[in-house]
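Visitor: Before I ask anything, here is the structure I am working with.
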Amino acid sequence: MKKVNLAIVGATGMVGNTFLQVLEDRDFPFENLYLFSSAKSAGSKLTVKGKEYTVEELTENSFDKDIDIALFSAGGTISEKFAPIARDKGIIVVDNSSAWRMEKDIPLVIPEVNPEAIETVIKERKGIIANPNCSTIQSIVPLKPLHDAFKLKRIIYSTYQAVSGSGVKGVADLENGTTDNYPYPISYNCLPHIDSFLENGYTKEEIKMIDETKKILNDYDLKITATTVRVPVKNGHAVSINLEFEKPFELSEVFELLKNAPGIVVQDDPANLVYPMQIEVSGKDEVYVGRIRRDFSVENGLNLWVVADNIRKGAATNTIQIAELLAKSL
């Protein structure tokens, strides 16, 4: 893998800090590293692979440097303004916000699922690649091999999402019993409300999961619905996924496919109370799948319980996995 010149936009945020940790954990091969943030955090020092770096203020001139790949995690407004500037300088941007995900010509990528989607960006050596929603990522990693084998017909998502998905303010509300980030207390409570409500009664988070699943799997005929819920868990999202397939299947086939698929750990031994839990996946990069069982209420129905660290695999790790694919090809 070639050493690249790497930039991180939003380096001092929760996901940005996790970018740095994942870079170390995976020994990502960078030559030069540039860290950018708002003026408020500029000047602070961060250590990566034993070397100290000074965070710079993000400006329109930040990308005049020799940068190959820029990883963005500073929110949609920043991405909308600065990602095109970086792209036009010949830089490949991997963006963690929702700003570009549903743009027709912007690839929405999960490396275990659709790595071929970045081929055009690699060929042109510039462009923007979007990182999917955290819950979408962990859901589609196990859905892809099942879709390939049995053809998905319908998906019902019910999420149990940790407060870290809202950043440091969400974590503070849970730990302090405050309502600075959420409209109601999250301590000892569940909120069936993530992002803003739309006129159709769904939230933006629910529509994100529906639309992104169709785009990533390149199947716009899929019938999908979702309910997304914030729960009083610090880190790690869980998703209950109910599936209906076109083709019949044996449970043994499902287990075999999931056990052999990349990025998945199967934890399913009900007799010994073994199943994935949010408290156990924190700090891990894999997607954990359990409670695998047939849905007897429909033909060719299946239930899954899917758990992952939303800050790592749901954001930072997936982004850096994309950057690894780029580094192998540049």
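The values are calculated or read from the model by the stated rules, or taken from the named source; none is laboratory data. Computed from a predicted structure; not experimentally measured. In this analysis, Cβ positions are derived from the backbone assuming ideal geometry, glycine residues included, and neighbour counts consider all displayed protein chains. All accessible areas refer to the heavy atoms of the entire protein, side chains included, with ligands and DNA or RNA removed. Shrake-Rupley method; radii C 1.70, N 1.55, O 1.52, S 1.80 Å.
Visitor: Which cross-chain or sequence-distant (5 or more) residues have an amide H under 5 Å from the amide H of Ala70, H modelled 1.01 Å from N in plane?
Guide: Residues meeting the amide H criterion: Ala7, Ile92, Val93, Val94.
Visitor: Hey, with R₀ at 25 Å, roughly what FRET efficiency would Lys49 and Lys89 work out to, going by the Cβ-Cβ distance, to 0.05?
Guide: 0.45
Visitor: Using a 1.4 Å probe on the protein chains only, how many percent of the accessible area of the stretch 135-308 belongs to carbon and sulfur?
Guide: Percent of accessible area from carbon and sulfur atoms in the stretch 135-308: 50.
Visitor: Find the all-direction average of the projected area of the Cα convex hull for the stretch 262-330, expressing the result in square nanometres with one decimal place.
Guide: Averaged projected area of the stretch 262-330's Cα convex hull equals 6.5 nm².
Visitor: I've got another one for you. Whole-Hz Karplus ³J(HN,Hα) for the stretch 261-272, in order, using 6.51 cos²θ - 1.76 cosθ + 1.60 and θ = phi - 60°, x for Gly and Pro?
Guide: These are the phi-based 3J(HN,Hα) values: 7, x, x, 10, 10, 8, 10, 8, 9, x, 4, 10 Hz.
Visitor: Now, a different point. At 1.4 Å probe size, with every protein chain present, just tell me what the per residue accessible area of the chain comes to in Å².
Guide: About 45 Å² of surface per residue is accessible.
Visitor: Can you give me the Rg/Rh ratio for the stretch 138-234, using Cα atoms for both radii and the Kirkwood formula for Rh?
Guide: Over the Cα atoms of the stretch 138-234, Rg/Rh equals 1.05.
Visitor: So for the stretch 147-299, taking the charge dipole from beta-carbon charges (+1 Lys/Arg, -1 Asp/Glu), which of Met277, Thr225, Pro185 sits furthest toward the positive end?
Guide: The one lying farthest along the dipole's positive direction is Pro185.
Visitor: Another question about this same structure. With θ taken as phi - 60° and the coefficients 6.51, -1.76 and 1.60, list the Karplus ³J(HN,Hα) couplings across the stretch 318-328 in order, rounded to whole Hz; mark glycine and proline as x.
Guide: 4, 4, 6, 4, 5, 4, 5, 4, 5, 4, 6
Visitor: Specify the angular offset, from 0 to 90 degrees and rounded to the nearest 10, of the alpha carbon long axis of helix 14-25 from the longest principal axis of the alpha carbons in the chain.
Guide: Helix 14-25 sits roughly 90 degrees off the main axis of the chain.
Visitor: What's the whole-number percent of alpha carbon pairs in the stretch 135-308 lying beyond 21 angstrom?
Guide: Of the Cα pairs, 50 percent sit more than 21 Å apart.
Visitor: Enter the angle in degrees (range 0 to 90, nearest 10) between the Cα long axis of helix 251-260 and the first principal axis of the Cα atoms of the chain, meaning the one along which they spread out most.
Guide: Here the helix axis deviates by roughly 20 degrees.
Visitor: Sort 221-230, 143-152 by the packing proxy (mean of other Cβ within 10 Å over each peptide's residues), most packed first.
Guide: 143-152, 221-230
Visitor: Stretch Glu175-Ser297 to full length: gain in nm at 0.36 nm per residue minus the Cα-Cα span?
Guide: Full-extension gain reported as 39.9 nm.
Visitor: Here's a follow-up. Percentage of Cα-Cα pair distances in the stretch 135-186 greater than 16 Å, rounded to whole percent?
Guide: 54 percent
Visitor: Report the convex hull volume per residue for the chain, counting only C-alpha atoms, in Å³.
Guide: Value for the chain: 147 Å³ per residue.
Visitor: Same structure again: If one takes the longest principal axis of the Cα atoms in the chain, at what angle in degrees, from 0 to 90 and to the nearest 10, does the Cα axis of helix 204-217 lie?
Guide: Taking Cα atoms only, the helix is inclined about 90 degrees.
Visitor: Which ³J(HN,Hα) values, rounded to whole Hz and listed in residue order, are derived for the stretch 80-90 from phi using the Karplus coefficients 6.51, -1.76 and 1.60 in 6.51 cos²θ - 1.76 cosθ + 1.60 with θ = phi - 60°, glycine and proline given as x?
Guide: 4, 7, 9, 4, x, 4, 5, 4, 5, 8, x
Visitor: Sort out for me the Cα centre separation of the stretch 209-240 from the stretch 92-141, rounded to whole Å.
Guide: Cα centres, the stretch 209-240 to the stretch 92-141: 16 Å.
Visitor: Please report, in whole Å, how far the alpha carbons of the stretch 173-229 spread along each principal axis, starting with the longest.
Guide: Principal extents (largest minus smallest coordinate, Cα): 43, 23, 15 Å.
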